[in-house]
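Written out below as structure tokens is the structure these notes cover.
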Amino acid sequence: MTATGEITKAVPTGRRGGNGDGTGIAVPAGVFAVAVFVAVRAVGVLLVAVSAWWSGKDPVAVLGTSWDSVWYIGIAEHGYGRTQVWPEIGSVQSDLAFFPLYPGLMRVLDVLLPGVGPAGAGLLVAWAAMVAGAVGVYRVGELVAGARAGVLTVVMWGVLPHSVVLSLAYTEALLAALAAWALYAVLRGRWLWAAGLAVLAGVTRPNGIAVAAAVSVAAGYELLLKPDAPVRVWAAGLLAPAGWTAYLLAVGVRRGDPLGGYFAVQRSWGSYFDFGWGVAGSVRRVLTRGTPLVTTMVPVVIVIALVLAVLLVRGWAPLPLLVYTGTLLVITLGGAGFFESKPRFLLPAFPLLLPAAAALARARPRTAVLVTTALAGLSYGYGTYLVLAAPLPL
């Protein structure tokens, strides 16, 4: 897959340090991007931790045991089998809705590092994935739009309003890391690497199927252009959905309905595909009633995401990025339930940031600094609110 289109390049590959006299050591753009990203997210974690401590809460508990993190901890400690019954709404929520890779990594790390605890293990896995994801996001951005745009894509990803989730014991950072490196592998023609990463993404989150879709469609397109393509292209296209499919079948067999069991589990959580009617109804309620800030922000994020998606298509981004991002958007906006979580579900959709990053890369450096600084301020304030004060789950 070689078409990179109009989101293009010709920008410097590094920054120069030193004493301001033109001498010094050139810092590779990728190192600079990840260093800025880590610094930005470290400040965000510090602000949440200090705010939690100031309000009398345990910072590790706030970061590592918020909402869905409790379910992952339960799976890591005891395996699958927990249900939560809500008789007032007739709901029975099963932990089978949660995919196994993240809690499995938590369990392994908890065993390897005695004393860290499942919450600490969850944070360490998420933070390691966040950094690996930042490197992968930079590589994709650099390949598609140049080094400067790659740097800006990483930095913008770190200062999104909901980027605090990347620092929690959640799965978005892990999915984003696997997706970024799978997309990079596809763009470089490393088909088996892409397929392997897609398999892992498929056992990370339900929307991990977006990675498999990108790899399989890219492989199919490659075969359409080159019918004599190597066997590894065929293999990648066929193997990419294996992880996601295997988990759905395993849950289905456990529930006595191989093809429908997992979807029944999701419906019991209030999550099912309704072609966007649920989202439309929630947006209408936001526009006609008073709602908490966490709810009011969702339509804003959705509109911005759709605008960026149009720009991504108009910029002729590579096919794998379009398929991956489009699949995430369809799953997120077409699914009912968890309206307040929609921005979190879109966090792994980092290709949406490429058009804005490419535009900032062409602007004056001062403009890029001002925009990212303003976004960082919003991210810190809103992220702290989401973790400590929002009345609804992330």
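The values are calculated or read from the model by the stated rules, or taken from the named source; none is laboratory data. Fair warning: this is a prediction, and the values are worked out from it, not measured in the lab. Ideal geometry is used to build each Cβ from the backbone, glycine not excepted, and the neighbour counts take in all protein chains shown.
Please work out if Ala173 is closer than 18 Å to Phe98 by Cβ and either in contact with a helix residue (DSSP H, G or I) (Cβ under 9 Å, 6 or more places away or on another chain) or outside any helix (DSSP H, G or I) (or both). Answer is yes for this residue. Just for segment 313-356: of the residues that are under 13 Å from the mean Cα position of the chain (by Cα) and not in a helix (DSSP H, G or I), which one is nearest to Ser379 (Cα to Cα)? Checked segment 313-356; the qualifying residue nearest to Ser379 (Cα to Cα) is Leu347.
Among the candidates Arg148, Arg139, Arg190, which residue alone is free of Cβ contacts under 8 Å to residues at least 12 places away in the same chain and farther than 24 Å from Ala61 by Cβ?
Numbers: Arg148 fails: free of Cβ contacts under 8 Å to residues at least 12 places away in the same chain; Arg139 fails: free of Cβ contacts under 8 Å to residues at least 12 places away in the same chain.
When all the criteria are applied, what remains is Arg190.
Report whether or not Arg107 is over 21 Å from Leu328 (Cβ atoms), among the basic types (Lys, Arg) and modelled with pLDDT of 95 or more. It is true that Arg107 is over 21 Å from Leu328 (Cβ atoms), among the basic types (Lys, Arg) and modelled with pLDDT of 95 or more.
The conditions of being in contact with a strand residue (DSSP E or B) (Cβ under 7 Å, 6 or more places away or on another chain) and either among the hydrophobic types (A, V, I, L, M, F, W, C) or assigned to a helix (DSSP H, G or I) (or both) are not met by Phe99.
Of all the criteria given as (1) buried (at least 17 other Cβ atoms within 10 Å of the Cβ); (2) under 29 Å from Ala218 (Cα atoms); (3) β-branched (Val, Ile, Thr), the one not satisfied by Val307 is (1).
Would you point out the residue of segment 190-227, among those that are assigned to a loop (DSSP other than H, G, I, E, B) and among the charged types (D, E, K, R), that is surrounded by the most Cβ atoms within 10 Å (Cβ to Cβ)? Steps first, answer last, please.
Residues of segment 190-227 assigned to a loop (DSSP other than H, G, I, E, B): 190, 203-205, 226-227.
Of the ones still in play, those that are also among the charged types (D, E, K, R) are 190, 205, 226.
On the way: Arg190: 17, Arg205: 25, Lys226: 10.
The selected residue is Arg205.
Every condition in (1) surrounded by fewer than 24 Cβ atoms within 10 Å (Cβ to Cβ); (2) not in a loop (DSSP other than H, G, I, E, B) is met by Pro161 except one, and the failing one is (2).
Screening the candidates Ala389, Ala336 for the property of being touching a residue at least 60 places away in the same chain (Cβ under 8 Å) and not hydroxyl-bearing (Ser, Thr, Tyr) yields one hit, Ala336.
Each row is one residue, and each column tells you yes or no for (1) out of contact with any Gly (no Cβ under 8 Å at 6 or more places or on another chain); (2) hydrophobic (A, V, I, L, M, F, W, C).
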| site | (1), (2) |
| --- | --- |
| Leu187 | yes, yes |
| Arg190 | yes, no |
| Trp193 | yes, yes |
| Pro206 | yes, no |
| Ile209 | no, yes |
| Asp228 | yes, no |
| Arg232 | yes, no |
